[in-house]
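Novice: Before I ask anything, let me first share the structure, which is written out below as structure tokens.
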Amino acid sequence: MELQERLNEVFCQVFDDEDIRIAPEMTADDVDGWDSLSHVNLIVAVESTFGIRFTHKEVLTFKNIGDLMNCIAAKVQ
Amino acid sequence: MPFNSLHYFIFLPIVYLVFYLAGDRARWGVLLAASFGFYCALKVPYLPVVLTLVTLTTYCFGIWLHKAQGTRAKLAVLWGGIASNVLVLVLMKYLPFFSENLGGLCRLLSLQVEVPTVRAFVAIGVSYFVFQAISYLIDIYFEVEEPEPHLGYFALYLSFFPKLLQGPIERAGDLLPQLKTPYRFDYDNMRYGMLLFAWGLFKKVVLADRLGIYADAVYNDVHAATGLQLLLGTYAYAFQIFMDFSGYTDMALGTARLFNINLTQNFNSPYLATSVADFWRRWHISFSRWILDYIFKPLQMQWRDWRTWGTAAALVVAFLVSGIWHGASWGFVIWGGLHGLYMACSVFYKPYQKKIYQSLGIQKSRYLKYWQMLVTFHLVCFAWVFFRVNSLGDALYICRFPFERAGRGLHNVLVHGFDTEDARLVLIAGALVALCGTLARNERVLSAWNRHGALRWLSYNALLLALIFLGTKSQASFIYFNF
């Protein structure tokens with residue numbers, strides 16, 4: 001399964017919304033319920049799904065979903 | 001030299017004139033000299049020295065941070081820069097608090113240790129520029145920003161006088177590029193800046209200072225107040241601090257706009273918030289963003305394996321820091337702790353919120369929003385009690401007796417120095433501020449305002465007359481100067 005599709009499933013699960021369709025340029029403003037409090041749930045879910053661990057610097061400097069996808073892709077390779 | 005003083009009304013046009021006549025290459029120098037002159041006018045000789053020290057150390061740490069090779073070296077430089085800034089803050093603001101509490105602890109434990117009493121320093125503005133300096137270093141570490149090579153521009157970023165004493169706390173990426181942009185006279189900016197300044201002055205002298213008469217009368221002698229007065233005194237303080245601080249912010253933003261600089265808006269109708277989290281997205285925005293980005297998020301990520309408990313703990317710590325930032329007193333610590341507790345509880349409550357509303361059948365009620373606003377406002381007011389009181393004993397008294405000894409009749413609502421005319425004026429001016437705030441967000445009203453010169457000039461004159469005839473004569477200082 002492509003990375004974007006797997007990540008989309010994580011988003012749907014974390015934000016309890018089956019209709020979410022993520023795109024690289026999307027930010028927290030574009031996803032209902034994605035705020036600073038729920039952000040950590042997303043990060044933990046992504047880490048456990050892909051079997052990776054983000055550094056502080058990575059997590060705190062993601063600007064959009066594209067940055068998150070690039071970081072995941074670099075780590076799973 | 002506060003913004004509501006005659007000295008400032010003379011200082012500002014002179015600075016603007018010199019700035020306007022100077023060429024683009026010299027303008028940063030004009031603003032820097034004006035900013036240090038503005039700070040020197042407080043007549044506290046060590047404050048400009050502290051500002052210079054923080055400027056030089058942060059500038060050097062910024063350059064070293066950029067040059068350091070490897071994560072470990074970068075982290076060591078970052079912590080060095082943060083520690084040097086925190087040390088300045090501790091020495092300036094917190095030593096008397098530590099020595100007093102250490103002395104108390106020694107007495108409690110019957111230890112024969114003499115803890116020296118430490119004199120408090122005047123620290124106006126220090127918390128603001130130190131927080132800005134820390135944000136600058138962290139942004140360089142995260143490679144969000146490059147270090148500023150020009151010491152003059154960097155010094156101006158920390159000291160720019162409209163935001164020096166009370167913020168907004170600006171990010172380097174927002175302010176530095178604006179300081180370097182060549183200046184061109186812009187009539188709209190000039191007009192808007194002056195209007196915003198006058199509007200801020202109206203909030204301060206007509207509303208905040210008048211509400212302050214009521215809040216001070218109640219809070220300076222809580223045992224003499226009736227239950228209803230305690231309640232109204234707390235509401236009065238809630239609106240006093242909002243009008244005082246948002247009035248100041250409007251004046252700061254208005255001043256900066258004269259120089260074509262847009263500072264961060266600190267407020268967005270905070271008392272219309274529908275949750276405490278929402279309140280912190282609307283109140284002292286530049287500060288809450290700082291706390292969120294540099295305290296809460298790193299802690300939340302550090303403790304992410306604890307899931308919800310980690311987030312709750314990060315919230316409590318972040319808000320305790322927020323409380324302590326306001327000053328070295330247990331009242332501020334409790335105020336921050338209460339907000340931390342509200343937020344931590346909301347993290348656990350949030351997953352059930354939707355289900356509870358559904359089971360009660362109120363999830364689509366149009367009144368739900370107003371109920372949430374009412375509850376949030378009262379939670380915030382309860383925390384304000386600890387923020388404002390002169391002693392913790394007073395706070396406990398207010399919490400015990402808000403509805404007792406209520407008395408009968410309107411005269412029981414008024415206090416010494418605040419008569420029915422003041423009450424009427426506060427209600428009318430408050431309604432006017434709320435109405436103008438709503439109208440200013442309406443595109444059609446704004447375009448009509450911009451088209452009709454007569455309408456604009458009528459409002460300018462009304463505002464000027466209100467300032468002359470309705471302002472209090474007390475020239476009270478701004479509340480957030482103390483932080």
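The values are calculated or read from the model by the stated rules, or taken from the named source; none is laboratory data. Because the structure is predicted, anything quoted here is derived from the model rather than measured. Glycine gets a Cβ as well: all are built from the backbone with ideal geometry, and neighbour counts include every protein chain shown.
Novice: Considering only the stretch A:53-60, I want to know if a residue exists there that is of a type in the set (F, W, Y), over 11 Å from the mean Cα position of the chain (by Cα) and surrounded by 14 or more Cβ atoms within 10 Å (Cβ to Cβ). Step through it out loud before you land on a result.
Specialist: So the first thing to find is which residues in the stretch A:53-60 are of a type in the set (F, W, Y), and the list is A:54.
After this cut, where a residue has to be over 11 Å from the mean Cα position of the chain (by Cα) as well, the list is A:54.
Next, only the ones that are surrounded by 14 or more Cβ atoms within 10 Å (Cβ to Cβ) stay: A:54.
Within the stretch A:53-60, one or more residues are of a type in the set (F, W, Y), over 11 Å from the mean Cα position of the chain (by Cα) and surrounded by 14 or more Cβ atoms within 10 Å (Cβ to Cβ).
Novice: Given the conditions (1) of a type in the set (A, V, I, L, M); (2) surrounded by fewer than 20 Cβ atoms within 10 Å (Cβ to Cβ); (3) within 28 Å of B:Y235 (Cβ to Cβ), report the number of the one that B:L165 does not fulfil.
Specialist: (2)
Novice: Among the residues of the stretch A:53-66, are any more than 21 Å from B:W303 (Cα to Cα), in contact (Cβ under 8 Å) with a residue 24 or more places away in the chain and facing chain B (nearest Cβ under 10 Å)?
Specialist: So far as the stretch A:53-66 goes, yes, one or more of its residues are more than 21 Å from B:W303 (Cα to Cα), in contact (Cβ under 8 Å) with a residue 24 or more places away in the chain and facing chain B (nearest Cβ under 10 Å).
Novice: Just to verify a result, which residue in the stretch B:267-276, among those that are part of a helix (DSSP H, G or I) and surrounded by fewer than 19 Cβ atoms within 10 Å (Cβ to Cβ), is nearest to the other protein chains (Cβ to nearest Cβ)? It would help to see each step written out before you state the result.
Specialist: Keep residues of the stretch B:267-276 that are part of a helix (DSSP H, G or I), which gives B:270-272, B:276.
Next, only the ones that are surrounded by fewer than 19 Cβ atoms within 10 Å (Cβ to Cβ) stay: B:271-272.
On the way: B:Y271: 21, B:L272: 18 Å.
Once the filter is applied, the top-ranked residue is B:L272.
Novice: Just checking: which of the helices (runs of 4 or more DSSP H) contained wholly in the stretch B:87-165 hold 2 or more residues that are at pLDDT 85 or above and either touching a Ser or Thr at 6+ places or on another chain (Cβ under 6 Å) or not acidic (D, E) (or both)?
Specialist: It comes to B:126-141, B:151-159.
Novice: Same structure again: Has the stretch B:123-144 got at least one residue that is closer than 23 Å to B:G173 by Cβ, acidic (D, E) and surrounded by fewer than 19 Cβ atoms within 10 Å (Cβ to Cβ)?
Specialist: yes
Novice: Just give me the residues in the stretch B:60-71 being surrounded by fewer than 21 Cβ atoms within 10 Å (Cβ to Cβ) and part of a helix (DSSP H, G or I), in sequence order.
Specialist: B:C60, B:I63, B:W64, B:H66, B:K67, B:T71
Novice: Pull up the stretch B:284-309, narrow it to residues that are free of Cβ contacts under 8 Å to residues at least 24 places away in the same chain and over 17 Å from A:L60 (Cα atoms), then point me to the one that is nearest to the other protein chains (Cβ to nearest Cβ).
Specialist: Applying the filter and picking the extreme gives B:R307.
Novice: How many of the residues in the stretch B:12-40 are in contact with a helix residue (DSSP H, G or I) (Cβ under 7 Å, 6 or more places away or on another chain) and not hydroxyl-bearing (S, T, Y)?
Specialist: At the first step, the residues of the stretch B:12-40 found to be in contact with a helix residue (DSSP H, G or I) (Cβ under 7 Å, 6 or more places away or on another chain) are B:12, B:15-16, B:18-19, B:22, B:27-32, B:34-36, B:38-40.
From what is left, the residues that are not hydroxyl-bearing (S, T, Y) are B:12, B:15, B:18-19, B:22, B:27-32, B:34, B:36, B:38, B:40.
Residues flagged as in contact with a helix residue (DSSP H, G or I) (Cβ under 7 Å, 6 or more places away or on another chain) and not hydroxyl-bearing (S, T, Y) within the stretch B:12-40 amount to 15.
Novice: Looking at this structure, is B:F19 at pLDDT 85 or above and not hydroxyl-bearing (S, T, Y)?
Specialist: Answer is yes for this residue.
Novice: Inspect all residues belonging to the stretch B:212-229 and state whether any of them is modelled with pLDDT of 90 or more, assigned to a loop (DSSP other than H, G, I, E, B) and surrounded by fewer than 19 Cβ atoms within 10 Å (Cβ to Cβ).
Specialist: Checked against the condition, which is being modelled with pLDDT of 90 or more, assigned to a loop (DSSP other than H, G, I, E, B) and surrounded by fewer than 19 Cβ atoms within 10 Å (Cβ to Cβ), the stretch B:212-229 yields no hits at all.
Novice: Look at the stretch A:37-51 and say how many of its residues are surrounded by fewer than 16 Cβ atoms within 10 Å (Cβ to Cβ) and either assigned to a helix (DSSP H, G or I) or within 7 Å of chain B (Cβ to nearest Cβ) (or both).
Specialist: 2
Novice: Residue check, B:I261 against (1) surrounded by fewer than 19 Cβ atoms within 10 Å (Cβ to Cβ); (2) assigned to a loop (DSSP other than H, G, I, E, B), all met but one. Which one?
Specialist: Here B:I261 clears every test but (1).
Novice: Which condition from (1) in contact with a helix residue (DSSP H, G or I) (Cβ under 8 Å, 6 or more places away or on another chain); (2) within 12 Å of chain A (Cβ to nearest Cβ); (3) without any contact (Cβ under 8 Å) to a residue 40 or more places away in the chain is the one that B:S346 breaks?
Specialist: So the condition that B:S346 fails would be (3).
Novice: Which ones in the stretch B:185-207 are free of Cβ contacts under 8 Å to residues at least 40 places away in the same chain and not aromatic (F, W, Y)?
Specialist: Those that are free of Cβ contacts under 8 Å to residues at least 40 places away in the same chain and not aromatic (F, W, Y): B:D188, B:R191.
Novice: I would also like to ask the following. I want to confirm something. Restricting to the stretch B:400-426 and keeping residues that are under 15 Å from B:Y235 (Cβ atoms) and not in a loop (DSSP other than H, G, I, E, B), which single residue is modelled with the lowest pLDDT?
Specialist: B:V415
Novice: Related question: Please state which of the following conditions B:A312 fails to meet, knowing it meets all the rest: (1) free of Cβ contacts under 8 Å to residues at least 24 places away in the same chain; (2) within 13 Å of another protein chain (Cβ to nearest Cβ).
Specialist: (1)
Novice: Right, B:Y352: loosely packed, with under 13 Cβ neighbours inside 10 Å and of a type in the set (S, T, Y) or not?
Specialist: yes
Novice: Of all residues in the stretch B:123-155, which are within 14 Å of chain A (Cβ to nearest Cβ) and of a type in the set (D, E)?
Specialist: B:D139, B:E143, B:E145
Novice: Sticking with this one: Being buried (at least 16 other Cβ atoms within 10 Å of the Cβ) and either in a helix (DSSP H, G or I) or not basic (K, R) (or both) is the filter here, so list the residues in the stretch B:169-193 that pass it.
Specialist: B:I169, B:E170, B:A172, B:L175, B:L176, B:Q178, B:L179, B:N189, B:G193
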